[in-house]
Amino acid sequence: MTGETDLDLPDEMFLVRVDHEETGDTRETLSFSRSPTVLLTFAANRFTRMASKIYQERYDLGAMDWRMLVMLTREPGATAARASETIGIDKGAISRCLHRLEGKELVRAGALHANGRSRGWYLTAAGQTLHDTILREALERQRRLFQGFSKAEVEALCDMLQRFLENQKSLVAEPGGSRPD
């Protein structure tokens with residue numbers, strides 16, 4: 001339920017016991033079917049692999065390239081740092097992607113900002129046209145993925161994922177947490 005929190009989720013909820021034939025030991029590890037982080041990772045990996053294959057075959061683009069086309073449609077003039085923060089990919093990978101897209105004449109760099117280090121990026125007309133073409137396909141794939149889900153279920157999932165992303169920020173702030181670049 002939205003708004004309710006339960007910080008005392010039992011570890012057993014996410015674990016499975018595995019008997020190892022070779023050693024005779026029984027070990028605990030994350031369940032492939034009951035651990036939301038495992039399921040989310042598996043789903044994201046499979047979705048990205050499938051999308052990358054389609055984008056590569058049809059448009060000579062990768063999934064990261066598509067994410068940047070979406071990012072620059074949403075926020076024209078976004079910097080590599082802003083895209084990194086939003087998408088959750090390191091800034092170096094974002095910069096390489098932008099330069100690759102620039103070589104394909106799908107994006108263009110704006111003027112250097114006052115800090116002398118960053119610049120905004122914009123889609124070219126060809127980039128916007130390609131975005132619009134891929135968007136239609138992406139929406140159809142999304143509809144197929146959510147077949148059997150109600151509108152309320154999809155909205156609830158989006159709400160939960162937004163809260164999940166928000167909670168990730170506290171992990172980054174912890175000692176030893178990884179910082180997004």
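The values are calculated or read from the model by the stated rules, or taken from the named source; none is laboratory data. This one's a predicted model, so the numbers in the text were calculated from it and none came from an experiment. All Cβ positions, glycine included, derive from the backbone under ideal geometry; neighbour counts span all protein chains shown.
Which pairs have Cβ atoms under 6 Å, sit 6 or more apart or on different chains, and link a residue in segment 153-164 that is part of a helix (DSSP H, G or I) to one that is modelled with pLDDT of 95 or more?
Between residues of segment 153-164 that are part of a helix (DSSP H, G or I) and residues that are modelled with pLDDT of 95 or more, the close pairs are 154/146.
When the residues of segment 7-32 are filtered to those that are among the β-branched types (Val, Ile, Thr) and exposed (fewer than 10 other Cβ atoms within 10 Å of the Cβ), which remaining residue is farthest from the chain's Cα centre (by Cα)?
Among those residues, the one meeting the criterion is 23.
Test of understanding: among 108, 117, 136, which residue is out of contact with any Pro (no Cβ under 7 Å at 6 or more places or on another chain), assigned to a loop (DSSP other than H, G, I, E, B) and either modelled with pLDDT under 95 or under 21 Å from residue 63 (Cα atoms) (or both)?
When all the criteria are applied, what remains is 117.
Could you list all residues from segment 71-94 that are under 16 Å from residue 132 (Cα atoms) and surrounded by fewer than 17 Cβ atoms within 10 Å (Cβ to Cβ)?
Hits for segment 71-94 are 73, 74, 75, 76.
Check segment 57-70 and report whether any residue there is in the same structural domain as residue 111 (by TED's automatic domain parsing), in contact with a strand residue (DSSP E or B) (Cβ under 9 Å, 6 or more places away or on another chain) and either in a helix (DSSP H, G or I) or not aliphatic (A, V, I, L, M) (or both).
Checking segment 57-70: at least one residue is in the same structural domain as residue 111 (by TED's automatic domain parsing), in contact with a strand residue (DSSP E or B) (Cβ under 9 Å, 6 or more places away or on another chain) and either in a helix (DSSP H, G or I) or not aliphatic (A, V, I, L, M) (or both).
If we scan segment 70-81, do we find a residue that is of a type outside the set (Val, Ile, Thr), at pLDDT below 95 and touching a Leu at 6+ places or on another chain (Cβ under 9 Å)?
No, because not a single residue in segment 70-81 is of a type outside the set (Val, Ile, Thr), at pLDDT below 95 and touching a Leu at 6+ places or on another chain (Cβ under 9 Å).
Checking the conditions here, which among 61, 30, 39, 72 is among the aliphatic types (A, V, I, L, M) and either touching a Lys or Arg at 6+ places or on another chain (Cβ under 6 Å) or farther than 25 Å from residue 168 by Cα (or both)?
Values: 30 fails: either touching a Lys or Arg at 6+ places or on another chain (Cβ under 6 Å) or farther than 25 Å from residue 168 by Cα (or both); 39 fails: either touching a Lys or Arg at 6+ places or on another chain (Cβ under 6 Å) or farther than 25 Å from residue 168 by Cα (or both); 72 fails: either touching a Lys or Arg at 6+ places or on another chain (Cβ under 6 Å) or farther than 25 Å from residue 168 by Cα (or both).
So the residue among 61, 30, 39, 72 that is among the aliphatic types (A, V, I, L, M) and either touching a Lys or Arg at 6+ places or on another chain (Cβ under 6 Å) or farther than 25 Å from residue 168 by Cα (or both) is 61.
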